[in-house]
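The values are calculated or read from the model by the stated rules, or taken from the named source; none is laboratory data. It should be emphasised that the depicted structure is a prediction, and the values quoted were computed from it without experimental measurement. Ideal geometry is used to build each Cβ from the backbone, glycine not excepted, and the neighbour counts take in all protein chains shown. Surface accessibility is based on the protein's heavy atoms, side chains included, excluding ligands, DNA and RNA. Shrake-Rupley method; radii C 1.70, N 1.55, O 1.52, S 1.80 Å.
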Amino acid sequence: MVVIESIADVRRARAELPSPLGLVPTMGFLHEGHLSLVRRARAECAAVVVSIFVNPTQFGPGEDLERYPRDLERDLDLLRPIGVDLVWTPSPEEVYPPGYQTFIMVQHVSRPLEGKARPIHFRGVATVVAKLYNVCAPQRAYFGQKDAQQAVVVRRMARDLDFPLEVVVCPTVREPDGLAMSSRNAYLAPSERPAATVLFRSLTAVKEALTGGEHDADMLRAIMSRALATEHAVTEEYVSIAHPATLDELEIVEGEALFSMAVRLGRTRLIDNFLLQDGQWSTGVLHEASRA
Ligand code: AMP
């Protein structure tokens with residue numbers, strides 16, 4: 001496993017790697033969710049590249065860029081046994097040198113949900129992912145269902161800009177009690193941790209209501225909100241039932257739908273979702289042997 005910082009060196013190393021090459025973009029502080037993407041890439045590709053980069057352009061003013069958790073040595077120790085060929089760990093100056101001024105905006109699907117709360121977020125995501133696609137030239141890029149809107153944005157961007165690659169979206173890995181794994185869970189105080197399962201409980205409640213015959217999206221959103229309100233420490237930011245490709249809000253849930261939410265719990269912002277597509281629920285997988 002080689003660890004490389006500069007774009008020129010990554011290009012040189014990539015040219016020596018076989019195809020298909022799988023790329024797993026991350027911001028580091030890795031957990032089982034990230035590792036599940038890397039294992040999937042390892043199983044499906046001849047070479048695997050992982051990027052570790054806390055991308056400043058996807059953080060808004062007052063967000064958690066400075067305090068975002070980082071531990072590169074631990075991340076590399078986690079990646080070594082999985083069979084990663086190359087880890088790219090660029091500096092912000094390598095990705096955005098002085099004079100940098102080019103950004104990519106994926107219009108419609110960047111606006112609702114996370115985009116409302118974080119107006120420049122997906123501009124930063126789309127830009128850095130386009131640069132990763134350019135430098136690493138992967139045939140497949142692996143993303144987590146945990147960040148459902150991000151997956152929609154980077155897939156749309158790859159199609160619109162003719163990147164010759166497939167975006168693979170992998171199931172959300174959850175702690176044994178249902179909390180979706182996230183580097184940001186490290187912000188949760190021990191006293192807050194039990195309440196953090198309310199997102200999973202709310203999503204489970206809406207899934208049961210739909211399965212029980214409730215198809216009115218407003219009624220279903222109310223069920224999600226009511227479940228969130230059972231935890232007094234939790235403040236709802238949004239609940240949404242949207243079309244999984246357009247992210248337009250639905251009135252009736254008949255076929256496919258993305259059920260998603262964002263909440264605040266103390267200093268921590270948490271997101272989660274369930275996806276109903278092709279008659280199948282993607283609710284994620286519980287990680288039994290969790291380190292948490
Ligand atoms: P991040 O480091 O948070 O930017 O995440 C890097 C990639 O890992 C993204 O594609 C995320 O969607 C994915 N990811 C993060 N958490 C999870 C999780 N709990 N399960 C599956 N994928 C995840």
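Of everything listed in (1) aliphatic (A, V, I, L, M); (2) away from the ligand (no atom under 16 Å from the Cβ); (3) more than 17 Å from residue 78 (Cβ to Cβ), the single unmet condition for residue 3 is (3).
Can you tell me which residue among 41, 13 is in a helix (DSSP H, G or I), open to solvent by less than 20 Å² (accessible area, probe 1.4 Å) and in contact (Cβ under 8 Å) with a residue 24 or more places away in the chain?
Selected residue: 41, the only one of 41, 13 that is in a helix (DSSP H, G or I), open to solvent by less than 20 Å² (accessible area, probe 1.4 Å) and in contact (Cβ under 8 Å) with a residue 24 or more places away in the chain.
Looking only at the stretch 116-155, residues that are open to solvent by 30 Å² or more (accessible area, probe 1.4 Å) and either within 11 Å of the ligand (Cβ to nearest atom) or farther than 14 Å from residue 60 by Cβ (or both) come to 9 in all.
Only one residue in 247, 275 is in contact with a strand residue (DSSP E or B) (Cβ under 6 Å, 6 or more places away or on another chain) and either within 29 Å of residue 65 (Cα to Cα) or part of a strand (DSSP E or B) (or both). Which one?
Testing whether each residue is in contact with a strand residue (DSSP E or B) (Cβ under 6 Å, 6 or more places away or on another chain) and either within 29 Å of residue 65 (Cα to Cα) or part of a strand (DSSP E or B) (or both) leaves just 275.
Please find, within the stretch 51-60, the residue that is nearest to residue 117 (Cα to Cα) out of those that are surrounded by 21 or more Cβ atoms within 10 Å (Cβ to Cβ) and out of contact with any His (no Cβ under 8 Å at 6 or more places or on another chain). Only one residue fits best here, namely 55. Restrict the check to the stretch 21-37 and report whether at least one residue is surrounded by fewer than 20 Cβ atoms within 10 Å (Cβ to Cβ) and over 18 Å from the mean Cα position of the chain (by Cα). Within the stretch 21-37, not a single residue is surrounded by fewer than 20 Cβ atoms within 10 Å (Cβ to Cβ) and over 18 Å from the mean Cα position of the chain (by Cα). Among the residues of the stretch 79-101, those identified as surrounded by 18 or more Cβ atoms within 10 Å (Cβ to Cβ) and among the hydrophobic types (A, V, I, L, M, F, W, C) are 79, 84, 86, 87, 88, 95.
The single condition from (1) closer than 22 Å to residue 268 by Cβ; (2) hydroxyl-bearing (Ser, Thr, Tyr); (3) exposed (fewer than 14 other Cβ atoms within 10 Å of the Cβ) that residue 211 fails is (1). For the stretch 198-208, a residue qualifies if it is open to solvent by 20 Å² or more (accessible area, probe 1.4 Å) and within 16 Å of the ligand (Cβ to nearest atom), and exactly one does: 200. For the stretch 214-226, give me the residue count where each residue is among the charged types (D, E, K, R) and crowded, with 19+ Cβ neighbours inside 10 Å. Residues that pass the stated criteria total 1. Checking each residue in the stretch 140-173 for being touching a strand residue (DSSP E or B) at 6+ places or on another chain (Cβ under 8 Å), in contact (Cβ under 8 Å) with a residue 40 or more places away in the chain and not aliphatic (A, V, I, L, M) picks out 140, 142, 143, 144, 145, 146, 147, 149, 170, 171, 172. Taking the criterion of being within 13 Å of the ligand (Cβ to nearest atom) and either touching a Ser or Thr at 6+ places or on another chain (Cβ under 9 Å) or closer than 24 Å to residue 117 by Cβ (or both), would at least one residue in the stretch 156-166 satisfy it? No. Out of curiosity, is residue 208 within 20 Å of residue 279 (Cα to Cα), part of a loop (DSSP other than H, G, I, E, B) and acidic (Asp, Glu)? Judged against the criteria, residue 208 is not a match.
Can residue 8 be described as farther than 20 Å from residue 130 by Cβ and either more than 9 Å from the ligand (Cβ to nearest atom) or surrounded by 19 or more Cβ atoms within 10 Å (Cβ to Cβ) (or both)? For residue 8, the condition - farther than 20 Å from residue 130 by Cβ and either more than 9 Å from the ligand (Cβ to nearest atom) or surrounded by 19 or more Cβ atoms within 10 Å (Cβ to Cβ) (or both) - is not met. Only one of the numbered conditions (1) within 18 Å of residue 180 (Cβ to Cβ); (2) surrounded by 17 or more Cβ atoms within 10 Å (Cβ to Cβ); (3) not acidic (Asp, Glu) is violated by residue 247, and that is (1).
Evaluation of residue 180 against the conditions (1) over 21 Å from residue 145 (Cβ atoms); (2) open to solvent by less than 10 Å² (accessible area, probe 1.4 Å) shows that the sole unmet condition is (1). Listed by position, the helices (runs of 4 or more DSSP H) contained in the stretch 59-138 that have at least 1 residues being more than 27 Å from residue 15 (Cα to Cα) are 72-79, 107-110, 114-117, 121-136. When each of 255, 178, 213 is tested for being outside any helix (DSSP H, G or I) and within 13 Å of the ligand (Cβ to nearest atom), the lone residue that passes is 178.
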